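Down below is the structure, laid out as structure tokens.
The values are calculated or read from the model by the stated rules, or taken from the named source; none is laboratory data. Because the structure is predicted, anything quoted here is derived from the model rather than measured. Note that each Cβ is placed from the backbone with ideal geometry, even for glycine, and that neighbours are counted across all protein chains shown. Note: areas computed on protein heavy atoms with side chains; ligands, DNA, RNA excluded. Shrake-Rupley method; radii C 1.70, N 1.55, O 1.52, S 1.80 Å.
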Amino acid sequence: MIRKLRIKLIIILTSVLAVVVVGIMFSVNLVAQSRNSLEINERLVRIASNDGNVRMDIFDERETGYIDTFSVLIDGAYRLLDIRTGRTSAMTTEEAVAYATTALNADSRSGMVDNYAYLIEMKSYGRIIVFLDITQYDHSNRSLLLTSIMVGLIGIMLFAVMSVILSFWLVRPVKETFEKQKRFISDASHELKTPLAVISANTDVLEGEIGENKWLSYIRTESQRMSELVNELLCLARLDDKSGYMVEMRELNLSELVLITALPFESTVFEMGKTLETEVQPDIQCRGDESSLKHILTILIDNAVKYSDEHGTIRVSLVRQSGKTVLEVYNTGEGIKPENLGKIFERFFRQDESRNSKSGGYGLGLAIAKASVETHGGKIAVQSEYGKWVRFTVTLP
């Protein structure tokens, strides 16, 4: 639980920073490109206003690297009047005419032809089409983009490392509270076992002296329910405290274990007018703790029996698929509401309080099953069509 909380915090903190960094990168590059676009347009206008003559008195010294420009002058009948080039342009007449023709056919006052930005201005003699090489602008934009990406990635990685360090500090109060809660549950459960055992023993003795009595029957029933709750709480406490929960991992025949576990439910299911089906692939071997696996099966099958509909069907299947062992427990019935599918494995969660009070249970069984499955390195999932069926799937390595 604490580990998952830390991972969530790291992901959230890093994601927030990533969004901020990407936003800043986008804004910086957008501003730079907008500034360059305005600068390109301003220079095209200046050259056009000077009829394509590029003189150093219309450019300052820092702009000399951008004066790869040429202008094509045409009259009203689109006949070539002149071609005027900048200091560094090596454009031939044929190439200049080809560029001008492309710009005129684009039917746009400004735009791009290859690496040249162009501007078409109306003049008394016809038109002037000014071209300016923007290779240096593109190089500047790419350099800024690459630099911002590198800086952003380095910043995100550094913050991810900081998030890992911060997560330990942020979850410390939660961890301490959780540890205290686990200790209290474990201690309280141990302390309750003795008085419950005394109550149960004295109830048996008293019943032997005065005979059957409905009040004694009530006491025995409730003490049994309390004992079940205490045992479930102890089981959860041991699962939470990995150091105190010893499992004996060994190779075992899971197919036989499933059949042996399902067999005791046959009489109960028959008396309830329901159907229990088993589809078990033979001789499936699995490495695990026999007691824990049997407990998982018992929880799932018992859950299916309790919550299946009248004359419903309970199906237990075990197969080996794609190198994984897949156990499924299916039952017809009310199923699980879509909004509760993500909560069904939470401790003390019960979908229908009134129904659970009749069928028993404290909302701990599925939480125990999930923890036990994870102890075996597996996963448990649930699927349901509300009002029709529910299926629990356990996947073991």
Do we find a residue being in a helix (DSSP H, G or I), within 22 Å of Arg172 (Cα to Cα) and in contact (Cβ under 8 Å) with a residue 12 or more places away in the chain anywhere in region 26-44?
-> no
For region 1-25, enumerate the residues that are in contact with a Ser or Thr (Cβ under 9 Å, 6 or more places away or on another chain), open to solvent by 50 Å² or more (accessible area, probe 1.4 Å) and more than 14 Å from Val164 (Cβ to Cβ).
-> Ile24
Which of (1) modelled with pLDDT of 85 or more; (2) outside any helix (DSSP H, G or I); (3) under 36 Å from the mean Cα position of the chain (by Cα) does Ser255 not meet, given it meets every other one?
-> (2)
Which pairs do you get when a residue that is without any contact (Cβ under 8 Å) to a residue 12 or more places away in the chain, found in region 99-127, comes within reach of a residue that is of a type in the set (Ser, Thr, Tyr) and assigned to a strand (DSSP E or B), reach meaning Cβ atoms under 7 angstrom, with the pair 6+ apart or on two chains?
-> Gly111/Tyr118
Among the numbered criteria (1) touching a residue at least 40 places away in the same chain (Cβ under 8 Å); (2) of a type in the set (D, E, K, R); (3) in a helix (DSSP H, G or I), which single criterion is violated by Lys294?
-> (1)
Has region 180-199 got any residue that is farther than 21 Å from Arg347 by Cα, at pLDDT 75 or above and not aliphatic (A, V, I, L, M)?
-> yes
